[in-house]
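Step one of this worksheet: look at the structure below.
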Amino acid sequence: INCGVTCNAAFDVGTTVTLSATPDSDSEVLGWGGDCTALDEPENSATVTVNAASTCTVNFKPLPHTLTVTKLGGDGTVTGSHGGINCGDKCSAPIDEGTVVTLTAVPDQDNAFTQWPKHCSGTDKRTTVTMNAAKLCVAHFERLPQTLRVNKFGEGSVTSNLTGINCGDTCEAAYDYDSFVKLTAQPAAGYQLIGWHGDCAGLASSSTVKMDR
């Protein structure tokens, strides 16, 4: 017996034959059936006593594949329909061969979901991946622009180094997350600058704020 070359042979009546199964690197022995009795030792072996024509069946099972999920850009969570995927808690899990896993991306507040690169695809928050090999899915989030609002007390103008703020005309504008905006105050005739408050600070004519919230 040498399967897959030879899978049958003749033995003298009463002979006890030990069969050993060797799975490929991506499989494991699931069990024996038919006239064979599985042995604890040696591993993956079974015996049969040939008192008549006998049939032994060995079942191989593909090993689980690892599904890995990573997040890029902004903040959010990814959950999976199978296998314990729950990012940010658990971002990889073994999944049985052939399983179709649904992944769902949920952006945090002030974030947006943009796309699935790598083995997942599309721009919808929900995607599926078939586990016929180890897979990597990347959930790409991005931070939404943050609003900068300027309030004035007294008379004067405030302008920003980035396009947007020009008070008295426009006192509110949206800027990319983590960008730095420099505000410059120019008091009107008969007024002086007292200082900056809120998310800006200082007594100088200019103050810089980071748009991180």
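The values are calculated or read from the model by the stated rules, or taken from the named source; none is laboratory data. Keep in mind it's a predicted model, so treat the numbers as computed, not measured. Methodologically, a virtual Cβ is constructed for each residue, glycine included, from the backbone with ideal geometry; neighbour enumeration extends over all protein chains shown. Just the protein is used for accessible areas: all its heavy atoms, side chains included, with ligands, DNA and RNA removed. Shrake-Rupley method; radii C 1.70, N 1.55, O 1.52, S 1.80 Å.
Identification of strands (runs of 3 or more DSSP E) wholly contained in segment 113-213 with 2 or more residues that are under 38 Å from the mean Cα position of the chain (by Cα) and within 30 Å of Thr66 (Cβ to Cβ) yields 126-130, 135-143.
Just the residues that are hydrophobic (A, V, I, L, M, F, W, C) and assigned to a strand (DSSP E or B), please, taken from segment 78-107. Once the filter is applied, which keeps residues that are hydrophobic (A, V, I, L, M, F, W, C) and assigned to a strand (DSSP E or B), segment 78-107 yields Val78, Cys87, Ala93, Ile95, Val100, Val101, Leu103, Ala105, Val106. Of all residue pairs spaced 6 or more apart or on separate chains, those with beta-carbon atoms under 6 Å, a first member in segment 1-20 that is surrounded by 10 or more Cβ atoms within 10 Å (Cβ to Cβ) and a second member that is small (Gly, Ala, Ser) and not in a loop (DSSP other than H, G, I, E, B) are Thr18/Ser45; Leu19/Ala46; Ser20/Ser45.
Scanning segment 96-137 for residues that are farther than 30 Å from Tyr177 by Cα, touching a residue at least 40 places away in the same chain (Cβ under 8 Å) and in contact with a strand residue (DSSP E or B) (Cβ under 7 Å, 6 or more places away or on another chain) turns up Val129, Met131, Ala133, Ala134, Lys135. Does segment 21-65 hold any residues that are within 21 Å of Glu97 (Cα to Cα), open to solvent by 70 Å² or more (accessible area, probe 1.4 Å) and part of a loop (DSSP other than H, G, I, E, B), and which are they? Listed by number, the residues that qualify are Thr22, Asp24, Ser25, Asp26.
Could you list, in sequence order, all residues of segment 66-77 that are outside any strand (DSSP E or B) and surrounded by 18 or more Cβ atoms within 10 Å (Cβ to Cβ)? Hit for segment 66-77 is Gly74, nothing else.
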